[in-house]
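Heads up, the thing below is written out as structure tokens.
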Amino acid sequence: MDCVFCKIINGEIPNKKIYEDDIVLAFLDINPDSFGHTLIIPKKHYQDLADIDNDTLLHIMNVAKKLMLKMQDKLNCDGLTLIQNNGLIQEVKHFHLHLKPFYKNKKDKNLEEAYLLLK
Ligand code: AMP
């Protein structure tokens, strides 16, 4: 299957991994909307919210909670937005949850710096 996120999971495309377990992988978005913008994806290919099973979905939310605490601690973010796109506005057709840290004061979106703090 020609899926960019499956290729990341299979190690065919590099990624800035910040969390991994048997079920999910979390890595920095290559084109971040904010400093530390992260994606959580299931290792198994599910297309979208309609497709994903509830246990995996709950696990992803638990990982999001853990990563939010880590972002508060390591990035000093002032808030966090969760986004999950479906249908026409979903660019990559492999389920993913966006974690976008929010900052009161504008922050550089430097990927390498965020990676060093979160990895
Ligand atoms: P969506 O519109 O919700 O499907 O968003 C897809 C996201 O995947 C975008 O924010 C992209 O920047 C991100 N993305 C696409 N390819 C990669 C990649 N190879 N590594 C990290 N993030 C990626």
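The values are calculated or read from the model by the stated rules, or taken from the named source; none is laboratory data. Just so it is clear, the structure is predicted and the values come from calculations on it, not from any experiment. In this analysis, Cβ positions are derived from the backbone assuming ideal geometry, glycine residues included, and neighbour counts consider all displayed protein chains. These area figures cover heavy atoms from the full protein model, side chains too; ligands, DNA and RNA do not enter into them. Shrake-Rupley method; radii C 1.70, N 1.55, O 1.52, S 1.80 Å.
Tally up the carbon and sulfur contribution to the accessible surface of the chain as a whole percent, 1.4 Å probe, everything protein left in place. It would help to have the intermediate numbers written out before the result.
Working: 3670 of 7070 Å².
Exposed carbon and sulfur together represent 52 percent of the surface.
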Low-density loop positions, trypsin sites (Lys or Arg not before Pro), region 1-107 - DSSP coil, at most 10 other Cβ in 10 Å: Lys104, Lys106
Please identify which residues in region 86-103 have an amide N closer than 16 Å to a label point set 7 Å out from the Cα of Lys74, following the Cα→Cβ vector. 99-102
Excluding Ile41 itself, what net charge comes from residues whose Cβ is under 15 Å from its Cβ, given Lys and Arg +1 and Asp and Glu -1? -3
Test of understanding: given the chain, find the longest segment containing no GluC sites (Glu not before Pro) that are in a DSSP loop and have at most 16 other Cβ atoms within 10 Å. 13-90
Cα-based helix-to-principal-axis angle, 54-75 vs the chain, degrees rounded to 10: 20
Anchor Lys44: lysines whose Cα lies under 18 Å away (excluding residues fewer than 8 positions away in-chain): Lys7, Lys17, Lys93
When only alpha-carbon atoms count, how far does the chain stretch along each of its three principal axes, as whole angstroms with the largest first? 39, 29, 28
Go through the chain and flag any cysteine with no other cysteine's C-beta closer than 4.7 Å, please. Cys77
As a check on your grasp of the helix formula, calculate [θ] at 222 nm for the chain: sum -39500 (n - 2.57) over DSSP H runs of n ≥ 4, divide by the residue count, round to the nearest 500. -9500 deg cm²/dmol
For region 11-68, just run the numbers: alpha carbon Rg, then divide by 2.2 N^0.38 Å, N being how many residues it has. 1.13
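On average, how much accessible surface per residue is there in the chain, in Å², for a 1.4 Å probe, leaving out ligands, DNA and RNA? Show your work: numbers first, answer last.
Details: 7070 Å² over 119 residues.
Computed with neighbouring chains in place, this is 59 Å² per residue.
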Given charges at Cβ of Lys, Arg, Asp, Glu: the chain dipole, positive-most of Pro32, Met61, Asn76: Asn76
Using the basic label-point model (7 angstrom from Cα toward the beta carbon), what is the Tyr19 to Phe102 distance in nanometres? 1.9
